[in-house]
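In what follows, a structure is listed as structure tokens, so that the remarks can point back to it.
The values are calculated or read from the model by the stated rules, or taken from the named source; none is laboratory data. This structure is a prediction, so every number in the text was calculated from the model and none was measured. Glycine gets a Cβ as well: all are built from the backbone with ideal geometry, and neighbour counts include every protein chain shown. These accessible areas exclude ligands, DNA and RNA; they are computed on the full protein's heavy atoms, side chains included. Shrake-Rupley method; radii C 1.70, N 1.55, O 1.52, S 1.80 Å.
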Amino acid sequence: MSRFPPPTRRALLSAGAAVALAGCVGGRRAATRTATDRSRTATDETSPTATGTEPDGTPRLRAAARVVPAVRWVQSPDAIRVTAPDRDAFVPARLPSELAGPPASAFELRLGGASYTAESFPGVFSETPGVRQLYTGDESAGWLLFDVRETAATDATLVGPDGRRARLPADRLAGLDARSALRVADVTTPDGVRQGASFEVSVSVRNEGDGRGVWLGGIQQSGVYYTPTTGVPAGETREATVQPEAFGQPGSTVRLSLTWADGDRTLSVPIETEDTATTPRHTA
């Protein structure tokens, strides 16, 4: 097992270093896909639109938004990270086209009496569910990222550099006053696997917080990565499961790197020889 204290989000962004740790929902992803490929094929939340007018007669704009306890992003073609916020939660927001264009740092989120400056989403592309296309100079329809404090307020406004603003949907911000606290309870793998066969890696996640949360993990296997993901209601436990394949020669070992927002672990599964039989799963 390999464990070390996770670096802060800002340290990750400033360092720009990649560690070969990864993940994928319901299957594997070849790590050779480009950011352009991912943004074109991924599914995002519906684009925001204008709804009515403000008292001054200007269009009433809406921005798509959601609350997530962590973000999962690809730093390089074969490296994924899962990062927790420095404050209490992340609020990704997707701009209406009327506001898009300026750099991410030109926007601010006003929420619960506080103001937060937007940041570019880390990495090359996102593997955060529902938040795929990133806001960049070439993709102004993508998502910005805000690191916010816990609050019961749901009246939020996104403000651009020219003073134009867009409202965030209150129902998508309701989770900011009931935070999840997701903890990896255990990880199970088989004691052995036949060459070329798939096998199950299962991560058990307990939510010790007050609100439902979505646990994001990543498993890296050479040039292939998997993204174990599971929603966990408050006070309950759920499993996130993926099925890697046993690449290698009989007698060798499949090595996997598992990472999540506040931890990491190295997993090893022996590839059986003709003299060995498949053995039960064990806790890694």
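Within the range 89-130, can you find the residues that are touching a Gly at 6+ places or on another chain (Cβ under 9 Å), under 26 Å from Ser76 (Cβ atoms) and crowded, with 19+ Cβ neighbours inside 10 Å?
Pro92, Arg94, Phe121, Ser126, Glu127
Only one of (1) more than 22 Å from Pro129 (Cα to Cα); (2) open to solvent by 60 Å² or more (accessible area, probe 1.4 Å); (3) touching a strand residue (DSSP E or B) at 6+ places or on another chain (Cβ under 6 Å); (4) in contact (Cβ under 8 Å) with a residue 40 or more places away in the chain fails for Leu267. Which number is that?
Unmet condition: (2).
Would you check if there is a residue in the range 221-230 being hydroxyl-bearing (Ser, Thr, Tyr) and more than 19 Å from the chain's Cα centre (by Cα)?
Step one: list which residues in the range 221-230 are hydroxyl-bearing (Ser, Thr, Tyr), which gives 222, 225-227, 229-230.
Remaining after also requiring more than 19 Å from the chain's Cα centre (by Cα): 222.
Yes, the conditions are met somewhere in the range 221-230.
Suppose the filter is more than 30 Å from Ser76 (Cα to Cα), open to solvent by 10 Å² or more (accessible area, probe 1.4 Å), at pLDDT below 90 and not acidic (Asp, Glu); does Ala152 pass it? Step through it out loud before you land on a result.
Details: more than 30 Å from Ser76 (Cα to Cα): yes; open to solvent by 10 Å² or more (accessible area, probe 1.4 Å): yes; at pLDDT below 90: no; not acidic (Asp, Glu): yes.
In short, no.
From the list Ala79, Ala89, Ala84, Ala104, exactly one residue is over 16 Å from Leu216 (Cβ atoms), within 22 Å of the chain's Cα centre (by Cα) and not acidic (Asp, Glu). Which is it?
On the way: Ala79 fails: over 16 Å from Leu216 (Cβ atoms); Ala89 fails: over 16 Å from Leu216 (Cβ atoms); Ala84 fails: over 16 Å from Leu216 (Cβ atoms).
The match here is Ala104.
If we keep just the residues of the range 194-206 that are open to solvent by less than 40 Å² (accessible area, probe 1.4 Å) and of a type outside the set (A, V, I, L, M), which is farthest from Gly217 (Cα to Cα)? Spell out how you get there, then give the answer.
Filtering the range 194-206 down to residues open to solvent by less than 40 Å² (accessible area, probe 1.4 Å) leaves 197, 199, 201-205.
Retained after the next criterion (residues that are of a type outside the set (A, V, I, L, M)): 199, 202, 204.
Numbers: Phe199: 17, Ser202: 11, Ser204: 11 Å.
Residue satisfying both the conditions and the ranking: Phe199.
Give the residue that is nearest to Val242 (Cα to Cα), with candidates limited to residues of the range 178-193 that are open to solvent by 40 Å² or more (accessible area, probe 1.4 Å) and out of contact with any Pro (no Cβ under 8 Å at 6 or more places or on another chain).
Step one: of the range 178-193, the residues open to solvent by 40 Å² or more (accessible area, probe 1.4 Å) are 179, 181, 183, 185-186, 191.
Filter again for out of contact with any Pro (no Cβ under 8 Å at 6 or more places or on another chain), leaving 181, 183, 185-186.
Values: Ala181: 22, Arg183: 18, Ala185: 17, Asp186: 15 Å.
That would be Asp186.
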